[in-house]
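Following: one structure in structure tokens, then a few remarks.
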Amino acid sequence: AVVSTQSTGTGFRYAEPLTEDAMDQMEADGIEHCIAFTQYPQYSCSTTGSSFNGMYRHIIKRQKDGNPMKMTFSAIDRWATHPLLIKSFAELINKQLDTVDPKDRSKVVLLFSAHSLPMSVVNRGDPYPQEVSATVEHVMRELNYSNPYRLVWQSKVGPSAWLGAPTDEAIKGLIKRGNKNLMMVPIAFTSDHIETLYEMDIEYGEEMREEFPDANIMRCESLNMHPTFIECLSQLVASHLKSEGKTIPQMALRCPMCDNPTCGPMRGFFSSRQLPKTIAPCEDEAKEESFESFG
């Protein structure tokens, strides 16, 4: 999302409205400052990094074309352990647990499911697995470790090695080992979309229940418009404005084995909010990594 104190705009990396178009429209509407507010709580070069690189390339392109953007920019790049994000997940998990027979409540295995990453990205030093794990740990602490749990990974595409254990295989394995009550928690998604409504609800839900009719396979609601979550977003923006757009130190740190030519200048730009004196080349978009490029 792109945010100003006067308006908000939605921008997507690979679907309409594109982030670049949203930026241009905000500027045309007279907005003076744009906050690039990622809707991915946990940072990955494949998601937030790819989106911010796209924004940076557009800013540089406008400058090279002799039509520099008049807006200034800052970024909210991650918020994996914000207290209200954690509280939101805990509230929705408890809401779903309330539907379970009280004698089985503490036996429900919580499966925190996040979009997986290729091991080639993980081994380059991408912080995403660590940050998703931090979210899970904070949520379980908020729940007072009331249930057994695992972090699992979904949505693998292509033949290469990806981060596991896969969500579907974890469900099957746990059921075969006697765990009949399972709850999926979409821990890295903030709203419903194909990976919750189809992949989780149908492939891992309806189809798994047909295969294992004695199992109780359920899903925690997504954050969507949950009031505590909306308050979380509000607090994030308010705190960002109060800090005058400062980013946390992590924003400036590249992955140890990063080979993306745009990543360094982009991080420098959003960390300092100053364009570099020497404009770095941004032509090599073929190196850009995103979930779309793994298919």
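The values are calculated or read from the model by the stated rules, or taken from the named source; none is laboratory data. It should be emphasised that the depicted structure is a prediction, and the values quoted were computed from it without experimental measurement. Cβ placement follows ideal geometry from the backbone for every residue including glycine, while neighbour counts extend to all protein chains displayed. The accessibility values were calculated without ligands, DNA or RNA, using every heavy atom of the protein model including side chains. Shrake-Rupley method; radii C 1.70, N 1.55, O 1.52, S 1.80 Å.
Here are some notes:
- For the stretch 62-175, averaging the sequence separation of C-alpha pairs within contact (under 8 Å, six or more residues apart) and dividing by the residue count gives a relative contact order of 31 percent.
- Ranked by the mean number of other Cβ atoms within 10 Å of their residues, highest first, the peptides 185-191, 143-149 fall in the order 185-191, 143-149.
- The chain - charge dipole about Cα centre, Lys and Arg +1 at Cβ, Asp and Glu -1, debye rounded to 20: 1100 debye
- With Cα atoms, 0 to 90° folded angle of helix 19-28 axis to the chain main axis: 50 degrees
- Between 0 and 90°, nearest 10: helix 83-97 axis offset from the chain longest Cα axis: 30 degrees
- Sites Ala161 and Ala134 - FRET efficiency at Förster radius 22 Å, r taken between beta-carbons, to 0.05: 0.40
- Principal-axis tilt of helix 263-272 within the chain, Cα atoms, nearest 10 degrees: 80 degrees
- Of the peptides 102-109, 258-265, the ranking by mean beta-carbon count within 10 Å, highest at the top, reads 258-265, 102-109.
- Candidate values (1) 1.25; (2) 0.95; (3) 1.00, label of the one derived for Rg/Rh (Cα atoms, Kirkwood Rh): (3)
- Listed pairs Lys103/Lys172; Lys61/Lys246; Lys87/Lys242; Lys61/Lys242; Lys156/Lys246; Lys64/Lys156 exceeding 28 Å between Cα atoms: Lys61/Lys242; Lys156/Lys246; Lys64/Lys156
- Over the chain, Cα pairs under 8 Å with separation of 6+ residues give a relative contact order of 21 percent.
- Lys/Arg +1, Asp/Glu -1 at C-beta; the stretch 12-127 dipole; positive extreme among Ser120, Phe52, Met71: Ser120
- Lys176 contributes an accessible area of around 150 Å² to the protein surface, as traced by a 1.4 Å probe with all chains present.
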